[in-house]
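Please treat every number below as a calculation from the coordinates, not as lab data. Predicted model, so just to flag it, every value in this text is computed and none were measured. When we count neighbours, we look across all protein chains shown, and the Cβ atoms used for this are built from the backbone with ideal geometry, even at glycine.
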Amino acid sequence: MQMSYAIRCAFYQLLLAALMLVAMLQLLYLSLLSGLHGQEEQEQYLEFFPPSPRSVDQVKAQLRAALASGGVLDTSGDYRVYRGLLKTTMDPDDVVLATHASVDNLPHLSGLLERWEGPLSVSVFAATKEEAQLATVLTYALSSHCPDIRARVAMHLVCPSRYEAAVPDPREPGEFALLRSCQQVFDKLARVAQPGVNYALGTNVSYPNNLLRNLAREGANYALVIDVDMVPSEGLWRGLREMLGQSKQWAGTALVVPAFEIRRARRIPANKNELLKLYQVDEVQPFYYGLCTPCQAPTNYSRWVNLPDETLLRPAYVVPWQDPWEPFYVAGGKVPAFDERFRQYGFNRISQACELHVAGFDFEVLNEGFLIHKGFKDTLDFHPQKEAENQHNKILYRQFKQELKAKYPDSTRHC
């Protein structure tokens, strides 16, 4: 009797062990299957996975090294350039949003981070030694508290050649040392920034917009170069990535992103439907509509607003370039640099668009994506020297166009 009971116990123990083994094997199988599926899914969407941000210490070390180098002088010798205060990984097929700003206009960077999901490159101009110090301390604070900036933003600094930017002392970084979050850094920046009239720097230094643009797009294949107070439509980066990834036949094409401006009191529209509702009641208008209508008119806004609704971003129509069109665009390959002799106001973007045309680039307007400038452009937004600078750059532009004939002797195009 006792023997029979012992046999039954041993049998049940063996059965229980077998069941546990089967259960463990099933869990292992499901785990492996789930992991394989997750790996496949991650590989499928890998292009949209943001890179893992580097550690705060790595970013700060890069910042200190860039500043300690003393920078390099630009070709004119008037400006000192510090490359890579912050760096970001850019794969060859990505689209970089390249922009430039004075220190006082850097609060706009927060809005760009919200709308643009890909890498950003920002060139900052500091007109005085005090602004250069603020820029370095601010970059130090952003790298400490903003993981998104560590992962996605490249930042460069330009200041007059007679100044050298200093390495922030980690023991004494001023009021920024009290900040504990990314939002606090931007809030503090908004309080200390003093944005004024465009190009009115309060010094005898010219704002080197084209130098800053070239610096911001340096190292990028595809770049969308905009002013810092402009906002892209929602999903524009993703749409461009998908479209450009479908074909390698984009060399020699400038994909035009229509630009608009909106009343300051209005919320920035996220998509084309929202934009068109505001456009129909004159709360949104073509960019530079009140200042230089011909500068954007070839975009053909009436045609663009009447395009049929589509979900995929694509080129909708071709527009022949004509003077003085200065479109915002995405292009890759051998894109001519912005001529850095153009500073302050006038002809700095028109000259580059003109050279694109002479170099053989064609302009195709995108169907869905757009840019919005915060506020209607008005003559009061500019400093008193605007017209004098415009006339100076107009003379330079005539010389520039003559130079293009020698630079592109076989081109049948002209400006």
Inset, instruction - Read phi for every residue in the range 66-79 and hand back ³J(HN,Hα) as whole Hz from Karplus 6.51 cos²θ - 1.76 cosθ + 1.60, θ = phi - 60°, with x for Gly and Pro. - result: 5, 6, 5, 5, x, x, 10, 7, 6, 5, 7, x, 8, 10
Legend entry - Rounded to whole Hz, the Karplus (6.51, -1.76, 1.60) HN-Hα couplings of the range 268-282, x for glycine and proline: 5, x, 8, 9, 5, 4, 5, 4, 5, 4, 6, 5, 5, 10, 6
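Roughly speaking, what is the stretch gain from A265 to A61, that is 0.36 nm per residue apart minus the C-alpha to C-alpha distance, in nm to one decimal?
Values: separation 204, 0.36 × 204 = 73.44 nm, distance 4.15 nm.
Here the segment from A265 to A61 would lengthen by 69.3 nm.
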Legend entry - Backbone HN-Hα couplings from phi across the range 351-357 [Karplus 6.51/-1.76/1.60, Hz, Gly and Pro as x]: 4, 6, 5, 4, 5, 3, 4
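Quantify how much of the Cα-Cα distance distribution of the range 209-301 extends past 17 Å, in percent. Can you show the working numbers first?
Working: 2637 of 4278 pairs.
Result: 62 percent of Cα pairs exceed 17 Å.
Order of 100-106, 291-297 by packing, highest average Cβ count within 10 Å first?
Working: 100-106: 21.9, 291-297: 15.7.
In descending order of packing, they fall as 100-106, 291-297.
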Legend entry - Separation of alpha-carbon centers, the range 216-253 and the range 314-379, rounded to whole Å: 13
Inset, instruction - List every residue whose amide H lies under 5 Å from the amide H of K87, counting only residues 5 or more places away in sequence or on a different chain, with H placed 1.01 Å from N in the peptide plane. - result: M155
Inset, instruction - Using amide H atoms built 1.01 Å from N in the peptide plane, name the residues 5+ places from Y329, or on other chains, whose amide H lies under 5 Å from its own. - result: V225, V257
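Which of K60/K129; K188/K374; K87/K188; K87/K407; K87/K334 have a Cα-Cα distance over 26 Å? Could the numbers behind the result be given before it?
On the way: K60/K129 21 Å; K188/K374 21 Å; K87/K188 23 Å; K87/K407 34 Å; K87/K334 23 Å.
The pairs that break the limit, which is 26 Å between Cα atoms, are K87/K407.
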